[in-house]
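Trainee: Handing you this structure, nothing more for now.
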Amino acid sequence: MGRQNHRLHQPPLLLGSPRTHRDQRTRPARGLVPAIEFNNQILTEPGVVARFFADAYTSHLVPATGTADAALVRERINSFEELVKEILDKVGKEIEPLLKDAPPLFGGSSKVTLAEALTAPFNLRVYSFSKNGLLPKSVVEGFERLPKFDKWAKKVIQEESVTYVWNEAEVIPATKKKIENLKAAAR
């Protein structure tokens, strides 16, 4: 099969304007997820659409099916995706409610508390690594759907006491190089 180039075309949904028949058929009521129509089948949700294209067309995203090694890679990808979902679910259920009185910081404090001191390095790296391609953007996109957590985390990673030892311009390239070295050593 030759190389296929497909683009996911999402015409904007204009708020307040009536939805077209095609929009109503292919998108859920709120129109917030990507949707494609393929051979008269509607596929929605980012993971479903991405897996469909990865399975249907050979690419660098995943190895072609049919070997044990390919199955192992696909299992690792699925495990990673499930772990991200699990983390986002836990943050949403257990941490988001604890931040109800966190304008701007935990417990309504105007100064960094132990909660921020213990989690700031994690938050800083998650947001930075996601922004710089070291973690999937979906991690931060998931956090952004948790309004209290996202507002709090973004405030925390701007605190001088958190950032004074963080040098993104050095950390990101060094981390990318370390990952490349690990990949090379594993070959």
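Coordinate-derived values only; no laboratory data. All figures in this text were calculated on a predicted structure; none of them were measured in a lab. Quick reminder, even Gly has a Cβ in these numbers, built from the backbone with ideal geometry, and neighbours come from all protein chains shown.
Trainee: Can you list which of the chymotrypsin sites (Phe, Trp or Tyr not before Pro) found in the stretch 72-159 are DSSP loop residues with at most 11 other C-beta atoms within 10 Å?
Mentor: Listed in order of number, the matching sites amount to none.
Trainee: Take the alpha carbon atoms of the stretch 39-110, find their center, do the same for the stretch 117-179, and report the distance between the two centers in whole angstrom.
Mentor: 18 Å
Trainee: Could you work out how far apart the two model spin labels at SER138 and PHE52 are, taking each label as a point 7 Å from the Cα in the direction of the beta carbon, and quote it in nm?
Mentor: 1.5 nm
Trainee: Right, something else. Note the full-extension length gain between LYS151 and PHE80 as 0.36 nm times their separation in residues minus their Cα-Cα distance, in nm to one decimal.
Mentor: On the way: separation 71, 0.36 × 71 = 25.56 nm, distance 2.54 nm.
Working it through step by step, the gained length comes to 23.0 nm.
Trainee: Now a separate question. Fully extended, how many nm does the chain gain between ILE179 and VAL62 (0.36 nm per residue separation, minus their Cα-Cα distance)?
Mentor: On the way: separation 117, 0.36 × 117 = 42.12 nm, distance 1.85 nm.
Length gained, ILE179 through VAL62: 40.3 nm.
Trainee: Here's a follow-up. Is the shape of the stretch 46-94 rounded, prolate or oblate, going by the alpha carbon gyration tensor and its root eigenvalues a ≥ b ≥ c, with a/c under 1.5 for rounded and a/b larger than b/c for prolate?
Mentor: oblate
Trainee: About the Cα centre of the stretch 101-186, how large is the charge dipole given +1 on each Lys and Arg Cβ and -1 on each Asp and Glu Cβ? Please answer in debye to the nearest 20.
Mentor: 260 debye
Trainee: Using 0.36 nm per residue, how much length does the chain from LYS131 to GLU170 gain when fully extended, once their Cα-Cα distance is taken away?
Mentor: So the extension gain works out to 12.6 nm.
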